[in-house]
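Notes follow once the structure below has been shown.
The values are calculated or read from the model by the stated rules, or taken from the named source; none is laboratory data. What you are looking at is a predicted structure, and each value in this text was computed from that prediction instead of being measured. Virtual Cβ from ideal backbone geometry, glycine too; neighbours counted across all protein chains shown.
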Amino acid sequence: MTKTLGYLKPYGGTVVLGLALKFVGAVAELFLPLLLEWIIDDVAANPLLSDSDKLKWTLVLGGLMLVCAVLALVGNIIANRLTVKSSGRMTHDLRYDLFRKTCYLDSKQVDGFGVPSLISRLTSDSYYVNQMVARTLRLGVRAPILITGGLILAFTQDVILACVLLACVPLVGITIFLITKRSIPIYFEVQRKQDVMVRRTQENVTGVRVIKALSKSEYEVEKFEDVTRDLAATEFKANKLMSLSNPLATLILNLGLVVLIVVGAVCGNTPGTVLAFLQFFVIILNAMIALSKIFVVISRGSASASRIESVLEADTEEKVGNFPDGDASKKIEFRGVSFSYNGVENNLRNLNFSLYSGQTLGIIGATGSGKSTVINLLMRFYDVGEGQIFVDGKDVRNYPIAELRRKFGVAFQNDFLMAASVKENVDYGRNLSEEQINKAVDCAQAREFVDGLDGGLEFDLAQKANNLSGGQKQRLLIARALAASPEILILDDSSSALDYATDAALRKALAREYASSTKVIVAQRISSVRHADLILVLDDGDVIGAGKHEDLIDSCAEYALIYSTQMGAEREGA
Amino acid sequence: MAVRRINIKDTRNLERRKVDKKFVLKNLFSYLKPYIPMLALVFAANILGTVSNLVGPWLCGLAIDEIAEADFGAIGFYAALLVALYAVSALLEYLSAVGMAYISRGTVKKMRNDVFRSLSALPVSYFDNRQAGDIISVLSYDIDTVGESLANDVIIVLKSSVMIVGSLVMMLIIAPVLVLVFVVTVPLSVIMTRFIVRRVQPLFRKRSRKLGELNGYVEEITTGQKTTRAYNCEEKIISDFEVKNEEAINAYSRAEYFGTISGPCVGLVNNLSLTLVSVFGALLYMFSVGGMTPGQISSFILYSRKFSGPINEIANIMGEFQSAIAAAERVFRVLEEPPEPADAEGAEELTDVRGDVHIEHLNFGYTEGKTVIKDFSLDVKKGQVIAIVGHTGAGKTTIINLLMRFYDPCGGSIEIDGKDVANLTRSSVRRAFTMVLQDTWLFAGTVFENIAYGNTGVSKEDVIRVCKAAKIHSFITKLPQGYDTVLTDNAVNISKGQKQLLTIARAMLLDSPMLILDEATSNVDTRTEQIIQEAMKNLMKGRTCFVIAHRLSTIRHADNILVMRDGNVVEQGTHDRLMAANGYYSELYYSQFETT
């Protein structure tokens, strides 16, 4: 929480000024009942004053009330503006730092937080922090001022009556506090059950074909009704509880009012005093209700703040190492590389291979066999556990990250496209030339469909590129990887949705147009890697075959099995 | 006083749009109809409670006047009366709030169920044309908005109206002249509120839209964080973000600048009334006009507070009512969607299916004028395997959509066992098929529930039998709770291939005479693929099968291969015949062996 609140510091002046004005406004409002009392008791009902004096003083005091009312207005409006400004700027800064931090997190840290959680920290959590700060500055200060100020004024008026007031405040406070506190877990439960309802709906929308195919609509409706019944019952429980707070608070204060009148009568107070106290009561009641609302906002906001802080505290300092160099004639070399994601079991064991510039590496193997891990290590998304990885003879850990990654063009498995134009997606913030982009689009076999789009390269993709088919998306991703003519091109299972003809055309174009790039191709299909200079067959983190296609067919049983499954056995002789 | 849930991701319908109020109110009324007696009770309790609350200040005034007289007996009497009155008022207020919460609960529950039921009767095309998120927003966010408005706003409006009328009456009784003060302040407050609301509404819409844009961007970029890092374009992304961040904050500040004015303005009007009432009240008292007493002034002041407060409250709530009505409209629009057309009159149940399928001169298009399937004919004998091949987007799933009657053909006919499916009940046609789709569909429930899926008569033995046949039994037994393991989004680590096997087991249990297989294994590794293929082979035995093939190697033995291109069936025949024809199929086939 402290770190988050620290973001208010640059706007300290604005905050203090705002609070000061709030204070002025609140005090001005507190003076109103006081002036009211003077008018009634000391002027109107004062037998010592002449009629003309009475008139004069009534008007003077009435004028003062008017001044107070205007002061309250101006003070509050300006104070609110200042508050909005400081809380808005503070949220902006916090969000900016959080986003910057998120952009620079390394993959291990992203894994630790989880992508959905990072997203909700940037969206809902930053929103709740903003709400907390804005509301607290706006109402949270005013309410205590009104309560304490009201009490102080009351005490200057009449100690006994003030005691009645003082007794009511904690009573109302405790009542509201208890009710709110009990209701918070119920609201969490409501939230949880709503999530269940949303999940059920989601399931039904995605599974609509299966459900209809099996004529299970009625069954699903029944299941859904169980969920809504449960949800409605919990919601009712929460509402019942919350319905208590208003009537109870009002009742307590109203009873206090009665006590006040009785005590006032017994102690021989003037009607004006009692009247002023009635006003204090109203002011304090409203302040208490405002406080109870803030209570909820703060409890949610502080939870959000600590979630945000845990990201901000992540260490993203870049460390450039000083490891021994390797063979500079080789483009890529893995030397005895082992790695584990969780530090328990190795996901990759003792991997050795090397590639010369312009060569192609193919990696094939089952899901979870470590194919993508090779790429994660090569591009240094993770650091090796053992061994060394060299690019151009230099350990990848000796490069500044940006310098290393500039050598690569990559299309990840299930990579993402932005809601932006085709061109922006291929360019991806690198300011590439028109030529480079066009060449990449051609080579990635995307030209035909891009030209068919409304606006061609300027066509805007929907979120998650929902307006493109799987194969179209993959071709744009490949174009992005190619566009900067990288030294090393990496395609991680990125042609799986292409049909064979397109896939073959892509391979031809790659060999022709990007001959100097060293290529690393991860695939499920043999046809995508069979022409590679080196094929690695991975199985559960171990290399169980390495060599050219022709060698592996004979030497690696697993490879031969994959081949026959995919190509059909009789194809051998063809 | 519940804190309203804010759907910060909801950016739909932020533009101003004409809402059909009549349509909404008519529908809403039909939901509230069963609660009319209850509503009457709630209203009565509320009015009574409010009225007794209103009598309070009057009694206070009387008691205060007695203070001057020092008549302790009378004061005691009034005090006791006040206590009773306030207690009753609080009780009635509580009861009416709970009553309204009850009504809102029932209404919301029924709405949710109705919307869901209506969704379940809608044709597949409805879901094909919409984002799941939009449908979910209606069911959760929109209905919530209606419910909260019912539970809170109705009561407040009712209470406020009674308050306004009641306190006005009381003030008129006490001092008609003083009421003149409100001739100034009430219009002032109404004009001010209206002005602010009109200024503020578009600003708030803009604020939500900008925040939505920012959130959308964040979601996108965070998901692709690794890509950003791979291309070293963090700074570019951050500067793009900064533009959106700045816009969002500016929109926020502008909306809030104006939004936060209303509170102090309302305060000003209230304080203004207080000042005027005090001054004029005092003057009246001084010059003994209308026989004012200090007690009367005090009652009048208390009433004036009760009078001006609710006016503003109603003004504030009007905005919320508007959004509730807009939300209700979206809800009722879903209920209005035409369901799947009913079965033809006298439609037969399809029973004892052999599995012969005959398609004649079939024509179909998803949108009018755009024919996807042209004059397509096909004859399938029981037990045959029909493969459908072609590029992604070539229209392979269209055939399945028509066979399953998810969509109806525009021309031509489909016959099963010589009966036109148009004259059969939809559900019996669908039961005749079993589908194993590319997108494996599992729901949150146990493994057993997922396989048995709603068939109550299924025994554990049956499930184990099919799981063994689907080669997934040994995997299931290794799960922490075996067949009772709950499958959720993230609890158990199940691979795509294993999910596929589970759905195959489910299909086996159904034992339909015909099969539809979307044989998509592009993201499954080869070993799992082999297991899946073996399981599928078991499943296909003796059944008529329609296979959407992605790998040509698996369909060479099909009895008939349909080759689709741009929505049309361009070739059909056996593998050998198609290869001999040297057409598009052979082109597709050879491309997988092509060398560079």
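For the range A:411-434, the set of residues classified as among the hydroxyl-bearing types (S, T, Y), assigned to a loop (DSSP other than H, G, I, E, B) and touching a helix residue (DSSP H, G or I) at 6+ places or on another chain (Cβ under 6 Å) consists of A:Y428 only.
Of the residues in the range A:489-511, none is more than 12 Å from chain B (Cβ to nearest Cβ), touching a residue at least 60 places away in the same chain (Cβ under 8 Å) and among the acidic types (D, E).
If only residues of the range B:60-78 that are surrounded by fewer than 21 Cβ atoms within 10 Å (Cβ to Cβ), assigned to a helix (DSSP H, G or I) and within 9 Å of chain A (Cβ to nearest Cβ) are counted, the one that is modelled with the lowest pLDDT is B:A68. Screening A:L361 against (1) more than 18 Å from A:K407 (Cα to Cα); (2) in a strand (DSSP E or B); (3) not acidic (D, E) leaves a single unmet condition, (1). Annotation: B:S413 fulfils all but one of (1) more than 10 Å from chain A (Cβ to nearest Cβ); (2) over 28 Å from B:R565 (Cα atoms); (3) not charged (D, E, K, R); the unmet one is (2).
In the set A:V67, A:V27, which member is assigned by TED's automatic domain parsing to the domain that holds A:L278 and either surrounded by fewer than 17 Cβ atoms within 10 Å (Cβ to Cβ) or small (G, A, S) (or both)? Being assigned by TED's automatic domain parsing to the domain that holds A:L278 and either surrounded by fewer than 17 Cβ atoms within 10 Å (Cβ to Cβ) or small (G, A, S) (or both) holds for just one of A:V67, A:V27, which is A:V67.
With respect to being surrounded by 15 or more Cβ atoms within 10 Å (Cβ to Cβ) and in contact with a Ser or Thr (Cβ under 6 Å, 6 or more places away or on another chain), B:F332 falls outside the description. Could you say whether any residue in the range A:44-59 is more than 30 Å from B:E220 (Cα to Cα) and among the basic types (K, R)? Taking every residue of the range A:44-59 in turn, at least one turns out to be more than 30 Å from B:E220 (Cα to Cα) and among the basic types (K, R).
Checking B:V146, B:V181 one by one, the residue that is surrounded by 21 or more Cβ atoms within 10 Å (Cβ to Cβ) and over 37 Å from the mean Cα position of the chain (by Cα) is B:V181 and no other. The residue pairs whose first member lies in the range A:397-408 and is more than 8 Å from every other protein chain (Cβ to nearest Cβ), whose second member is modelled with pLDDT of 90 or more and part of a helix (DSSP H, G or I), and whose beta carbons are closer than 8 Å, counting only pairs six or more residues apart or on different chains, are A:L404/A:V396. Here the range A:448-466 is the region considered, the condition is being buried (at least 16 other Cβ atoms within 10 Å of the Cβ) and under 17 Å from A:A505 (Cα atoms), and the residue that is farthest from the other protein chains (Cβ to nearest Cβ) is A:V450. Taking each residue of the range A:151-163 that is in the same structural domain as A:F281 (by TED's automatic domain parsing) and under 17 Å from A:D42 (Cα atoms) and looking for partners that are of a type in the set (S, T, Y) and part of a helix (DSSP H, G or I) with beta-carbon atoms closer than 9 Å, six or more apart or interchain, yields A:Q157/A:T273; A:D158/A:T273. Counting only strands (runs of 3 or more DSSP E) wholly contained in the range B:351-432, the ones carrying 3 or more residues that are surrounded by 17 or more Cβ atoms within 10 Å (Cβ to Cβ) and not β-branched (V, I, T) occupy B:357-364. May I ask you to list the residues in the range A:78-99 that are buried (at least 20 other Cβ atoms within 10 Å of the Cβ) and farther than 30 Å from A:F113 by Cα? Within the range A:78-99, A:A79, A:N80, A:L82, A:T83, A:V84 meet the criteria.
Does the range B:376-392 contain at least one residue that is within 10 Å of chain A (Cβ to nearest Cβ), of a type outside the set (V, I, T) and in contact (Cβ under 8 Å) with a residue 24 or more places away in the chain? Checking the range B:376-392: at least one residue is within 10 Å of chain A (Cβ to nearest Cβ), of a type outside the set (V, I, T) and in contact (Cβ under 8 Å) with a residue 24 or more places away in the chain. Here A:D392 fulfils each of the conditions (1) modelled with pLDDT of 90 or more; (2) touching a Ser or Thr at 6+ places or on another chain (Cβ under 8 Å) apart from (2). The helices (runs of 4 or more DSSP H) falling completely within the range B:126-185 that include 2 or more residues that are of a type in the set (G, A, S) map to B:132-137, B:154-174. Of the residues making up the range A:173-197, those that are more than 30 Å from A:I252 (Cα to Cα), surrounded by fewer than 18 Cβ atoms within 10 Å (Cβ to Cβ) and within 11 Å of another protein chain (Cβ to nearest Cβ) are A:Q191, A:D195, A:V196.
If you go through the range B:201-212 one residue at a time, do you hit one that is in contact (Cβ under 8 Å) with a residue 24 or more places away in the chain, in contact with a Pro (Cβ under 8 Å, 6 or more places away or on another chain), in a helix (DSSP H, G or I) and assigned by TED's automatic domain parsing to the domain that holds B:S299? No. Scanning the range B:437-472 for residues that are among the β-branched types (V, I, T) and surrounded by fewer than 19 Cβ atoms within 10 Å (Cβ to Cβ) yields a count of 4.
Within the range A:193-216, residues that are in contact (Cβ under 8 Å) with a residue 24 or more places away in the chain sit with their Cβ atoms under 9 Å from residues that are basic (K, R), at 6+ positions apart or across chains, in these pairs: A:Q194/B:R5; A:M197/B:R112; A:R200/A:K223.
The residue that is surrounded by the fewest Cβ atoms within 10 Å (Cβ to Cβ), counting only those in the range A:258-276 that are more than 7 Å from every other protein chain (Cβ to nearest Cβ) and under 19 Å from B:N53 (Cβ atoms), is A:V259. In the range A:203-223, the residue that is modelled with the lowest pLDDT out of those that are assigned to a helix (DSSP H, G or I) and either surrounded by fewer than 16 Cβ atoms within 10 Å (Cβ to Cβ) or at positive phi (or both) is A:T206. Just a yes or no: is a residue in the range A:50-58 assigned to a helix (DSSP H, G or I), facing chain B (nearest Cβ under 9 Å) and in contact with a Gly (Cβ under 6 Å, 6 or more places away or on another chain)? Scanning the range A:50-58, I find no residue that is assigned to a helix (DSSP H, G or I), facing chain B (nearest Cβ under 9 Å) and in contact with a Gly (Cβ under 6 Å, 6 or more places away or on another chain), so the answer is no. Against the numbered list (1) closer than 16 Å to B:V269 by Cα; (2) buried (at least 23 other Cβ atoms within 10 Å of the Cβ); (3) of a type outside the set (A, V, I, L, M), A:K22 comes up short only at (1).
Between A:S433, A:S469, A:S528, A:S421, which is in the same structural domain as A:F390 (by TED's automatic domain parsing) and either buried (at least 18 other Cβ atoms within 10 Å of the Cβ) or of a type outside the set (F, W, Y) (or both)? After applying the criteria, what remains is A:S528. Checked against (1) at positive phi; (2) at pLDDT below 80, A:S299 meets all criteria but (1).
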